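The values are calculated or read from the model by the stated rules, or taken from the named source; none is laboratory data. The shown structure was predicted, so the numbers you read here are calculated from the model rather than taken from an experiment. Here Cβ is always computed from backbone atoms with ideal geometry, including for glycine, and neighbour counts include all displayed protein chains. Areas reflect the complete protein model, heavy atoms only, side chains present, ligands, DNA and RNA absent. Shrake-Rupley method; radii C 1.70, N 1.55, O 1.52, S 1.80 Å.
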Amino acid sequence: MSGWDEGAVYYSDQAQFPRGGAGGGDPEAAATRHSVLRKFKEFIRGFETGKNVYPYRESLVQNPKHLLVNMEDLHNFDADLPAKLRSSPADYLPLFETAAAEVLVNLKSKVAGETGEMEDPLTGEVQILLTSKEDSVSMRSLGAQYISRLVKIAGITIAASRVKAKATYVTLLCKNCKNIRVVPCRPGLGGAIVPRSCDHIPQPGEEPCPIDPWIVVPDRSKYVDQQTLKLQENPEDVPTGELPRNLLLSVDRDLVQTIVPGTRLTIMGIYSIYQAANSSNSHKGAVAVRQPYIRVVGIEEAN
Ligand SMILES: [Zn+2]
């Protein structure tokens, strides 16, 4: 499986809601998901900063590729929403992006005078970017308690990788029975969770499908641009006698190629962990070394 998606890894983020699945069959989770989606849509459509001034709705029409959301605005609209985003950003950000895409479709169809019927799931069409006035936390304080949470960090970018194509959905083909399966990929530096076996039941005279029968069909998979950056602690944050610490960042879509090395930044992102695919293959059963990184969901340059 290696080679088709550089940096592909197989670590589970344990998302509360599977991507694309409406609550994963749990009716309570599906109901929560539905009500949060509705609130996000109400916020984008209805948040007012003055009489008849709707900044998010207008921003979405002007630039449909991303929507910069101020956490304080979200808090003023409904305190539950930023709380959910902070505690489970990997679950609620995709929902926010779906909400933005659906609002956009409705706004466009109103302009065109059509009805707003949904055709495809729109997650990922509009990128939600977050900004907040809160204080950033020190790179040194990041530990297990921050994993999978939204954090704000300051530093200087000291390196930027080249841009890569990162798969968001992969189409797999069983080389035996030609079955097709589409599997989602974990966001950030996470890879696809590829099943080991094919569920095709062999008919009389048919060869049963072997273990690991899947090959990736690249032109039927979905990709976004992705780049990694290295962030170093600001000199004033480094205790005397210590070396500055570094943190790996991953950025995607509209954030790719917006930052050059040497820039001072504050970023908002999801403190995440990945495990390199080769380390799990070559040391089966050994305790895997897991590397922390931040999946960036908002960047501000601090000059
Ligand atoms: Zn098969």
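For region 139-178, the tally of residues that are open to solvent by 50 Å² or more (accessible area, probe 1.4 Å) and either touching a residue at least 12 places away in the same chain (Cβ under 8 Å) or touching a Ser or Thr at 6+ places or on another chain (Cβ under 8 Å) (or both) stands at 11.
Conditions tested, residue by residue: (1) modelled with pLDDT under 95; (2) out of contact with any Cys (no Cβ under 6 Å at 6 or more places or on another chain); (3) not β-branched (Val, Ile, Thr).
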| residue | (1), (2), (3) |
| --- | --- |
| GLN226 | no, yes, yes |
| GLN232 | no, yes, yes |
| GLY269 | no, yes, yes |
| ALA277 | yes, yes, yes |
| HIS283 | yes, yes, yes |
| GLN291 | yes, yes, yes |
| ILE294 | no, yes, no |
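Selection of region 209-233 for residues being within 16 Å of the ligand (Cβ to nearest atom) and in contact (Cβ under 8 Å) with a residue 24 or more places away in the chain yields CYS209, PRO210, ASP212, PRO213, TRP214, ILE215, VAL216, VAL217.
Quick check on GLU42: is it more than 23 Å from the chain's Cα centre (by Cα) and open to solvent by 50 Å² or more (accessible area, probe 1.4 Å)? Explain how you work it out, then say what you get.
Numbers: more than 23 Å from the chain's Cα centre (by Cα): no; open to solvent by 50 Å² or more (accessible area, probe 1.4 Å): yes.
No: the conditions fail for GLU42.
Among the residues of region 103-155, those identified as at pLDDT 85 or above and of a type in the set (S, T, N, Q) are ASN106, GLN127, THR131, SER132, SER136, SER138, SER141, GLN145, SER148. Counting only residues that are over 12 Å from ILE215 (Cβ atoms) and either more than 10 Å from the ligand (Cβ to nearest atom) or among the hydroxyl-bearing types (Ser, Thr, Tyr) (or both), region 164-184 holds 9 of them.
Here VAL194 meets the list (1) within 19 Å of TYR274 (Cα to Cα); (2) open to solvent by less than 50 Å² (accessible area, probe 1.4 Å); (3) assigned by TED's automatic domain parsing to the domain that holds THR266 almost entirely, failing just condition (3). If you go through region 71-85 and keep only what is buried (at least 18 other Cβ atoms within 10 Å of the Cβ) and touching a residue at least 60 places away in the same chain (Cβ under 8 Å), you end up with MET71, LEU85.
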